[in-house]
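Peer 1: Dropping a structure here in structure tokens format, bear with me for questions.
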Amino acid sequence: MDRSSQRKTVDIIVPCFNEEHNIDAFFRETQKVASEMEGYDFAYIFIDDGSTDETLAKIKSLAADAKAPAGAMRDAETPAARCHVRYISFSRNFGKEAAMYAGLRASKGDFAVIIDADLQHPPQLIATMLKRIEETGCDSCAARRVSRKGEPKIRSAFARAFYKIMNRYSDIEIIDGAVDFRIMNRKMVKAIVSMPESQRFSKGIFAWVGFETEWIEFENVKRLSGESKWSVWSLAKYAVDGFIDFAVSPLKFVGVFGGAITVCSTIYLIIEILKTLIFGKDTPGYASTICLILFFGGLIIAILSLIGEYIGRMYLETKGRPVYVEKESNLDEE
């Protein structure tokens, strides 16, 4: 039978961390979209990222409903029929990057969708993305926010600055406003999964592997319930991690800066020698000497810290630790 005449499978990968109040509403909204799309079979892969609330229990309930016999009673609010619900639960919180990687590893469908459970990523866009892929033949269709409505202005300013710096000083290009919400074909999923690095920055990985990507714009949407798990500190750390993972320009800058300091110091030394030979010995200034010592001492420490950050990441990668540790799942049952 011609492959094009067969129904295509779509795996919906949902990273979850303390989303007990959003799971059911997310599932209902996504199922509405799935039920209206002909020619596709949808399956869910929920990743419980070490949640401390009832997130895992909610996911297990959906999985149980999906396995129930056709004639069994089901909650009308939870239309789990005619779809597979799989899940992986981590032994602790390993972070969203690990959750996305776990979902992609477990995915077997023709397409894989990464989407958040808080409905900030509109499930209605899944249909638009699939249509765009079918029409253009691209490998991926991703979403980007065209506004940051409801987000603190200082946070928006730092986000835009991050994209500008990242695109200027790294070997990859990340679209401003890009989010993790995207759909990929099997070829691209395989390429991403083949990169088992433990220090992951998926936005950079999506760009690094290449493949043709189409972009869909959408307005920023407020979370359905709860607060964002991303604090200012975690976002700053995430930005630094992404920059260091995909840019070696800081190390090049350190080398250039060190060379410039050496040249300036040599010139200054020659000038001082000539002044001493011509005008005699000059009494050095105590304050200026202390200032120079403190400045260059702090500069050296900063440079060593930067180099140490790169070396530390190399050290962690050589350990070969897994990206995540699985506590339980129902993948074997499927």
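The values are calculated or read from the model by the stated rules, or taken from the named source; none is laboratory data. The structure displayed is predicted, hence computed values, not measured ones. Neighbour counts run over all protein chains shown; Cβ positions are idealised from the backbone, glycine included. For the accessible areas, the whole protein counts, side chains as well, though only heavy atoms, and no ligand, DNA or RNA atoms are used. Shrake-Rupley method; radii C 1.70, N 1.55, O 1.52, S 1.80 Å.
Peer 1: When you scan the range 313-327, how many residues do you find that are in a loop (DSSP other than H, G, I, E, B) and either more than 20 Å from the chain's Cα centre (by Cα) or not basic (Lys, Arg) (or both)?
Peer 2: Qualifying residue count, the range 313-327: 5.
Peer 1: Let me ask another. Select from the range 158-173 the residues that are β-branched (Val, Ile, Thr) and open to solvent by 20 Å² or more (accessible area, probe 1.4 Å) and list them in ascending order.
Peer 2: ILE165
Peer 1: Might you check whether a residue that is within 30 Å of PRO123 (Cβ to Cβ), at pLDDT 80 or above and open to solvent by 40 Å² or more (accessible area, probe 1.4 Å) occurs anywhere in the range 229-238?
Peer 2: Scanning the range 229-238, I find no residue that is within 30 Å of PRO123 (Cβ to Cβ), at pLDDT 80 or above and open to solvent by 40 Å² or more (accessible area, probe 1.4 Å), so the answer is no.
Peer 1: On to the next question. Scan PHE253, PHE296, PHE243 and give me the residue that is at pLDDT below 70 and surrounded by 11 or more Cβ atoms within 10 Å (Cβ to Cβ).
Peer 2: PHE243
Peer 1: If we scan the range 272-293, do we find a residue that is assigned to a helix (DSSP H, G or I), modelled with pLDDT of 65 or more and of a type in the set (S, T, N, Q)?
Peer 2: Yes, there is a match, as at least one residue in the range 272-293 is assigned to a helix (DSSP H, G or I), modelled with pLDDT of 65 or more and of a type in the set (S, T, N, Q).
Peer 1: Looking for something touching a Pro at 6+ places or on another chain (Cβ under 8 Å) and either basic (Lys, Arg) or assigned to a loop (DSSP other than H, G, I, E, B) (or both) - is there at least one such residue anywhere in the range 119-139?
Peer 2: no
Peer 1: Just need a number here: residues in the range 188-205 that are more than 20 Å from ARG313 (Cβ to Cβ) and either open to solvent by 10 Å² or more (accessible area, probe 1.4 Å) or modelled with pLDDT under 85 (or both).
Peer 2: 3
Peer 1: Would you be able to tell me the number of residues in the range 310-327 that are over 14 Å from ASN93 (Cα atoms), of a type outside the set (A, V, I, L, M, F, W, C) and open to solvent by less than 90 Å² (accessible area, probe 1.4 Å)?
Peer 2: Going through the range 310-327 one residue at a time, the tally reaches 6.
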